[in-house]
Amino acid sequence: MSTSAQIGVTGLAVMGRNLARNFARNGYTVAVHNRTVARTKALVEEFGGEGDFISAETAEEFVAALERPRRLVIMVKAGGPTDAVIEEFAPLLEPGDMIIDGGNAHFADTRRREKALREQGIHFVGMGVSGGEEGALHGPSIMPGGPKESYDSLGPMLEKISAKAAKDGAPCVTHVGPDGAGHFVKMVHNGIEYADMQLIGEAYQLLRDVAGYSPAEIADIFRTWNQGRLDSYLIEITAEVLSHVDAATGRPFVDVVVDQAEQKGTGRWTVQIALDLGVPVSGIAEAVFARSLSGHATLRAASRGLTGPEAAPLGKEEAAAFADQVEQALYASKIVSYTQGFHEITAGSEEYGWDIDLGKVASIWRGGCIIRAAFLDRIRAAYDTRADLPSLLSDETFAREIADAQDDWRDVVIAAVRQGVPTPGFSAALAYYDALRAERLPAALTQGQRDFFGAHTYRRVDREGAFHTLWGGDRSEVSA
């Protein structure tokens, strides 16, 4: 066993433990540390055969076990606990050492921490990690930010432990950009994940309530979809969940689960930051709000007596045709969700000077992460072909697919409205698409209203400048 470690992990809950094991399995000597010493000892006792671990009971022992430049990975809860660990370890480090935060930190906190540690000569890397506990162990998608020089030392290690894209074997990791860029991209990844899950949920609800399929039959439909352009991790696991039968009751598992979804905050952050940046992420927002609404049990119970249509299941042939339409609507809405997510990354990159390569982002999401999907290869190719692509909807291939899906997409939304099945994700995606392609939007009227009640001014289509109408009297126009 080596007497010094190439990397260390402090915080040995499931994610931290599995990440440490991943490093060890790939030939690195790993120093491990946890506030509760028993957890450190348990890891080494149970998994010591997987590789070389150095167990440290104190912060001083942990730091002393690391070779220079020291690479110290923090895997603790975001917020105060992360700050506490940094405050404990930073005084023990030297210039050139690095602290790597692998938690779900808010990117603004990461920017603050990076700036403070930079002044001490310590590199701080905000590292988004996606893939859950299995990904952490077997190969996650990794989104590190921070100083570029830190990646020169850390990058090869991350490339070794990361997931590898199925198509070409490329490591699912890249240096995303300075300071908080990595955690920003991880945040948007999670926002897209929220939207993806909501759209899949709406497809399930339509297939059940409108088409009349059972959960097991819908599982088979999803398995079929997973063989085509919707091939993705989330579609795959959806089929597994829907085919599962509850052992205690013999009922479909999905029918014994309380229909109140929870959230940990990253989807909400995606929407909040999008508002700050002025970027419309309506599909992601609707997914966040749908989870929120699901949790208001008292409100929902009080509203169940409201009038509205009841879904009437279709006949067998009609149901099969409708299922094909739902696949079109799901795919088109999915493209819109990714369009909105990449728009937010572009806006964040411009706001904070990160120079994020969207093609590389799409590339590292092809494996390991929760939203991994076959069509990310095509998103990568679209941005590689045209780095300044204003929108995925501007890409010729995606635009053609949206055009092909158009009628079915609209028919599905109409059917949902007529039968009283809520589809906020499908509807928001379609409204976003129609708003983008519209020649004129009612924003002109909105500006007129704002000028009327608040003298907020407006611009004209026929000449430059800002104008205000004197709405009382003769309603003359003046330059602002």
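Compared with the dominant Cα axis of the chain, that is its longest principal axis, helix 376-385 is turned about 90°.
Couplings 3J(HN,Hα) of segment 359-368, computed from phi: x, 5, 4, 4, 5, 7, 8, 6, x, x Hz, in residue order, whole Hz [Karplus 6.51 cos²θ - 1.76 cosθ + 1.60, θ = phi - 60°; x for Gly and Pro]. Charge dipole (Cα centre; +1 on Lys/Arg Cβ, -1 on Asp/Glu Cβ; no other charges) of the chain amounts to roughly 440 debye. Considering the options 347, 471, 120, tell which one lies farthest towards the positive end of the dipole of the chain, charges being +1 on Lys and Arg and -1 on Asp and Glu at the Cβ, about the Cα centre. Farthest towards the positive pole: 120. Proximity of backbone amide H atoms, modeled 1.01 Å from N, is registered between residue 212 and 314 at under 5 Å, excluding neighbours fewer than 5 places apart on the same chain. Treating each Cα of segment 186-437 as an identical point scatterer and summing with the Debye formula, the log10 of I(q)/I(0) at q = 0.10, 0.11 Å⁻¹ comes to -0.49, -0.59. Mind listing which trypsin sites (Lys or Arg not before Pro) in segment 441-474 are in a DSSP loop and have 12 or fewer other Cβ atoms within 10 Å? Loop-located and lightly packed - 460, 463. Phi angles across segment 101-117 convert, under the Karplus curve 6.51 cos²θ - 1.76 cosθ + 1.60 with θ = phi - 60°, into 3J(HN,Hα) values of 8, x, x, 8, 6, 6, 4, 5, 5, 5, 4, 5, 5, 4, 5, 5, 6 Hz, Gly and Pro given as x.
Taking every protein chain into account, the accessible area of segment 7-175 amounts to 39 square angstrom per residue (probe 1.4 Å). An oblate overall shape is assigned to segment 365-418, the ratio a/c of its alpha-carbon gyration tensor axes (a ≥ b ≥ c) being 1.5 or greater and a/b not exceeding b/c. Against the main long axis of the alpha-carbon atoms of the chain, helix 37-47 sits at an angle near 90°. Shape class of segment 214-277 from the Cα gyration tensor (axes a ≥ b ≥ c, square roots of the eigenvalues): oblate, since a/c reaches 1.5 or more and a/b does not exceed b/c. Computed in the context of the full set of protein chains, the accessible area of the chain at 1.4 Å probe radius has 51% of its extent on carbon or sulfur. Amide H contacts of residue 122: 96, each under 5 Å away and 5 or more positions distant or on a separate chain (H built 1.01 Å from N in the peptide plane; Pro and chain starts excluded). Annotation: peptides 183-191, 441-449, 55-63, 300-308, ranked by per-residue average of other Cβ atoms within 10 Å with the highest first, follow the order 183-191, 55-63, 441-449, 300-308.
Multiplying the residue separation of residue 411 and residue 38 by 0.36 nm and removing their Cα-Cα distance gives an extension gain of 128.4 nm.
The angle between the Cα long axis of helix 14-25 and the longest principal axis of the Cα atoms of the chain comes to about 60 degrees, rounded to the nearest 10.
Kindly list the residues of segment 428-460 that lie in the label zone of residue 471, defined by a backbone N under 17 Å from the point 7 Å along the Cα-to-C-beta vector. The answer is 443-459. Our coupling estimate for segment 152-161, obtained by passing each phi through the Karplus curve with A = 6.51, B = -1.76, C = 1.60 and θ = phi - 60°, is 4, 8, 8, x, x, 5, 5, 5, 6, 8 Hz, Gly and Pro reported as x. Shape analysis of segment 315-407 yields a ratio of the Cα radius of gyration to the Kirkwood radius, Rg/Rh, of 1.06. Packing here is the average count of other Cβ atoms within 10 Å per residue, and on that basis the peptides 239-248, 89-98, 3-12, highest first, run 3-12, 89-98, 239-248.
When shorter helices are ignored and each DSSP H run of at least 4 residues is given -39500 (n - 2.57), the per-residue value for the chain at 222 nm works out to -17500 deg cm²/dmol.
Put simply, the amide H of residue 30, placed in the peptide plane, has neighbours under 5 Å in 52, 53, 54, leaving out anything fewer than 5 places away on its chain. Note on the chain: lysine pairs with Cα distance below 14 Å, sequence gap of 8 or more or different chains, count 4. Hey, any idea what Rg/Rh is for segment 7-175, computing Rh the Kirkwood way over Cα pairs? Using only Cα positions, Rg/Rh for segment 7-175 is 0.93. For segment 377-480, the list of GluC sites (Glu not before Pro) that fall in a loop by DSSP and count at most 10 other C-beta atoms within 10 angstrom reads 439, 464. The overall shape of the chain, judged from the alpha-carbon gyration tensor, is oblate: a/c is not under 1.5, and a/b is no greater than b/c.
The values are calculated or read from the model by the stated rules, or taken from the named source; none is laboratory data. Given the structure is predicted, the values throughout are model-derived calculations rather than measurements. Cβ coordinates were reconstructed from backbone atoms using ideal geometry, including for glycine residues, and neighbour counts include every protein chain displayed. The protein model used for the area step is the full one, side chains on, heavy atoms only, and it has no ligands, DNA or RNA in it. Shrake-Rupley method; radii C 1.70, N 1.55, O 1.52, S 1.80 Å.
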